[in-house]
Amino acid sequence: MSDSIILGIESSCDDTSAAIIKGNSILSNIAANQEIHNEYGGVVPELASRAHQQNIIPVVEKSFTKANIQQNAISAIGFTRGPGLLGSLLVGTSFAKSLAMSLNIPLIEVNHLQAHILAHFIDDANPVPPKFPFLCLTVSGGHTMIVLVKDYFDMEIIGKTIDDAAGEAFDKIGKILDLDYPAGPIIDRLAKEGNPDAFKFNKPKLENYDYSFSGIKTSVLYFIQKEMKKNPDFIKENMNDLCASVQKCIIEILMNKLEKAAKDLDIKEVAIAGGVSANSALRKAMQDNNEKFGWNIYIPKFEYTTDNAAMIAMVAQLKFERGEFTDLRTTATSKYDL
């Protein structure tokens, strides 16, 4: 790995992030969160893009300060081109293009989903990086998929959600339970105090490796409506058990397909990535399968699970070594195939 120094910029949703990488080592990884969305129960695209405009310069400046390097020391700039919210992506893309032009250095476009997977190759993400080929369960607020990773830039989606993503299921069920947004971490915390076998919810029956999470959302909604007619305080009195039961159901749906794929393809190298990979029950399920099936598991550090610029910088570093640059005509895109 070269000693090139690269600035990574991430602005695909509601977190503005900048990171600086040297080789595979992260020198800084700064993020500004947008609290304003909490009161709306979800990300408001217009508010997100405005907040990115306010945050991007301070975040980038802080990344240079923490890394203790000057702007003229960087070799290239990597940025998230997509997928994501178009208004948010435009802010990061425009800034990256402008800075690259002013410094007269190469520009590198990065696929956000690819970056979640390749974050595993950051020096301190894992004790050792995954070996090719490996399976990566990529789960975030907007995406749920199983990816067969044959090489750094040779990836095949073998299963994906046909409706809601796992993260969306957590948030939508959280809204039913009157929890704050984002609901995933709250459900995870409350579930630790509950009985995961207290309630049962419907699971989809799909033959292949695809997922569906709209059914569990509907199952929870109807169950809550029925119980609330009998007892208006049902949610409050059973909150921990509800969270534990919901979480168990979602994690079992995720793991059942991953287990099937690993068995069918005879692959022992198995990773998780994306925001939902911070979930404690999913991490435990991976640890259990390490012992049960002899998997070599790869679970990234918490700071590399949510949207972050370190993973963007990592991909940019790999592309820099290959001379894969883009030019100033590139544009942000809300959809970007893996």
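The values are calculated or read from the model by the stated rules, or taken from the named source; none is laboratory data. Since the model is a prediction, treat every value here as computed from it, not as a measurement. Neighbour counts are summed over all protein chains in view; Cβ atoms, including those assigned to glycine, are modelled from backbone coordinates with ideal geometry. Calculation scope for accessible area: heavy atoms of the full protein, side chains included, ligands and nucleic acids excluded. Shrake-Rupley method; radii C 1.70, N 1.55, O 1.52, S 1.80 Å.
Numerical summary
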item: Residue check for Lys150: surrounded by fewer than 17 Cβ atoms within 10 Å (Cβ to Cβ) and assigned to a loop (DSSP other than H, G, I, E, B); result: no
item: Given (1) assigned to a helix (DSSP H, G or I); (2) open to solvent by 60 Å² or more (accessible area, probe 1.4 Å), index of the condition Thr218 fails; result: (2)
item: Filter result for Met239 (over 23 Å from the mean Cα position of the chain (by Cα), more than 20 Å from Ser277 (Cα to Cα) and either touching a residue at least 12 places away in the same chain (Cβ under 8 Å) or surrounded by 22 or more Cβ atoms within 10 Å (Cβ to Cβ) (or both)); result: yes
item: Lone unmet requirement of (1) of a type in the set (A, V, I, L, M, F, W, C); (2) more than 30 Å from Val128 (Cβ to Cβ); (3) open to solvent by less than 30 Å² (accessible area, probe 1.4 Å); (4) in contact (Cβ under 8 Å) with a residue 12 or more places away in the chain for Phe234; result: (4)
item: Positions within the stretch 286-316 being part of a helix (DSSP H, G or I), open to solvent by less than 70 Å² (accessible area, probe 1.4 Å), within 23 Å of Thr80 (Cβ to Cβ) and touching a strand residue (DSSP E or B) at 6+ places or on another chain (Cβ under 7 Å), in sequence order; result: Ala309, Ala310, Ile312, Ala313, Met314, Val315, Ala316
item: Residues of the stretch 133-146 satisfying the condition of being in contact with a Ser or Thr (Cβ under 8 Å, 6 or more places away or on another chain) and closer than 16 Å to Thr305 by Cβ; result: Leu137, Thr138, Val139, His143, Thr144, Met145
item: Members of the stretch 199-215 found to be closer than 20 Å to Leu265 by Cα, in contact (Cβ under 8 Å) with a residue 60 or more places away in the chain and assigned to a loop (DSSP other than H, G, I, E, B), listed by number; result: Tyr209
